[in-house]
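Visitor: Quick one: the structure is below, questions incoming.
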Amino acid sequence: MTQEILKTGTTTVAIKCKDGIVLAADKRATAGNIIASSNILKTYPITDKIGMTVAGSVSDVQLITKYIKAQLKLKKLQTRRDISVKEAVNLLSGIVYSNIRSLSTMPGITHFLIGGKDKEGFHIYDLYPDGSIGEEEKFISSGSGSPMVYGVLETNYKKEIKIKDAKELVIKAIKAAMKRDSASGDGIDILTITDSEIKTEAISI
């Protein structure tokens, strides 16, 4: 029973661009071998300059997403300044660490990719299910479709890539994952972060 509950899959991607960040994910949610939903949102803005993708147990990622958004809003009110991307990642890391170590018959497995802009520039981070953090300089992918995504990104990513081309690249990469990974599909949500705005859009496949 536990193995079926933990048998989740998805495809999420984060790309660092010359002029911003692109985060993207498919829209399918699975429960074992069943497609539970074809319209799950997996990309979220958590401040007006920081966003993230989610993967893992649906109830856990939804609750943690609500909690981190509230905590970051509260922290900004308390400090009266914009929160850095690293601060947001560290706060989320603590939540994930506590969640995975809570005693439960249904352990909450979560995986987040975080991207954003602060006074030091653009950043992307990989936040692993155990709460550990890794900052990446080019791109990251997570989920069961990530092996196919990495093949596309390694071949086509360029250091000076801009958001327009990065959006086309993530669509190409996630489409490749959808062809081989049954847990990924049903469209793509894209979140972009620039100096001036954070924007979401849905792509039908």
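Visitor: Going by what's in this entry, would residue 23 be described as within 25 Å of residue 146 (Cα to Cα), within 13 Å of the chain's Cα centre (by Cα), touching a residue at least 60 places away in the same chain (Cβ under 8 Å) and not in a strand (DSSP E or B)?
Guide: Answer is no for this residue.
Visitor: On to the next question. Considering only the range 22-54, state which residues are farther than 22 Å from residue 196 by Cα, in contact with a Lys or Arg (Cβ under 7 Å, 6 or more places away or on another chain) and aliphatic (A, V, I, L, M).
Guide: Result: 25, 35, 40, 54.
Visitor: Another question about this same structure. Can you name the condition, by its number, that residue 150 falls short on among (1) surrounded by fewer than 22 Cβ atoms within 10 Å (Cβ to Cβ); (2) out of contact with any Leu (no Cβ under 9 Å at 6 or more places or on another chain); (3) over 16 Å from residue 16 (Cα atoms); (4) of a type outside the set (S, T, N, Q)?
Guide: (3)
Visitor: Pick from the range 28-55 the residues that are surrounded by fewer than 22 Cβ atoms within 10 Å (Cβ to Cβ) and in a strand (DSSP E or B): which of them is farthest from the chain's Cα centre (by Cα)?
Guide: Only one residue tops the list, namely 34.
Visitor: Counting just the residues of the range 56-78 that are among the hydroxyl-bearing types (Ser, Thr, Tyr) and more than 12 Å from the chain's Cα centre (by Cα), which one comes out surrounded by the most Cβ atoms within 10 Å (Cβ to Cβ)?
Guide: Among those residues, the one meeting the criterion is 57.
Visitor: If you don't mind, another one. With the requirement that a residue be over 14 Å from residue 51 (Cα atoms) and surrounded by 22 or more Cβ atoms within 10 Å (Cβ to Cβ), what does the range 115-139 give you?
Guide: 139
Visitor: If you don't mind, there's one more thing I want to ask. Just checking, does the range 86-105 include any residue being aromatic (Phe, Trp, Tyr) and more than 21 Å from residue 198 (Cβ to Cβ)?
Guide: Yes, that holds for at least one residue.
Visitor: Could you tell me whether the range 79-101 includes any residue that is over 22 Å from residue 56 (Cβ atoms), within 19 Å of the chain's Cα centre (by Cα) and surrounded by 18 or more Cβ atoms within 10 Å (Cβ to Cβ)?
Guide: Within the range 79-101, one or more residues are over 22 Å from residue 56 (Cβ atoms), within 19 Å of the chain's Cα centre (by Cα) and surrounded by 18 or more Cβ atoms within 10 Å (Cβ to Cβ).
Visitor: Using the structure shown, decide if residue 190 is at negative phi, at pLDDT 95 or above, in contact with a helix residue (DSSP H, G or I) (Cβ under 9 Å, 6 or more places away or on another chain) and not in a strand (DSSP E or B).
Guide: Details: at negative phi: yes; at pLDDT 95 or above: yes; in contact with a helix residue (DSSP H, G or I) (Cβ under 9 Å, 6 or more places away or on another chain): yes; not in a strand (DSSP E or B): no.
When the stated conditions are applied, residue 190 does not pass them.
Visitor: Which residues, counting only those in the range 69-101, are farther than 13 Å from residue 133 by Cα and touching a strand residue (DSSP E or B) at 6+ places or on another chain (Cβ under 8 Å)?
Guide: Listed by number, the residues that qualify are 69, 72, 82, 83, 84, 99, 100.
Visitor: Evaluate the following for residue 134: is it without any contact (Cβ under 8 Å) to a residue 40 or more places away in the chain, outside any helix (DSSP H, G or I) and on the phi < 0 side of the Ramachandran plot?
Guide: The answer is yes for residue 134.
Visitor: Give the residue that is farthest from residue 51 (Cα to Cα), with candidates limited to residues of the range 170-187 that are of a type in the set (A, V, I, L, M), buried (at least 22 other Cβ atoms within 10 Å of the Cβ) and touching a helix residue (DSSP H, G or I) at 6+ places or on another chain (Cβ under 8 Å).
Guide: Only one residue fits best here, namely 177.
Visitor: Quick check on my filter: what residues within the range 177-201 are more than 15 Å from the chain's Cα centre (by Cα) and under 30 Å from residue 32 (Cα atoms)?
Guide: First pass over the range 177-201, keeping only residues more than 15 Å from the chain's Cα centre (by Cα): 177-183, 185-187, 194-197.
Result: 177, 178, 179, 180, 181, 182, 183, 185, 186, 187.
Visitor: Sticking with this structure for a sec: Among the listed residues 161, 114, identify the single one that is aliphatic (A, V, I, L, M) and assigned to a strand (DSSP E or B).
Guide: Answer to the selection: 114.
The values are calculated or read from the model by the stated rules, or taken from the named source; none is laboratory data. Keep in mind it's a predicted model, so treat the numbers as computed, not measured. Glycine also receives a Cβ, built like all others from the backbone with ideal geometry; neighbour counts cover every protein chain displayed.
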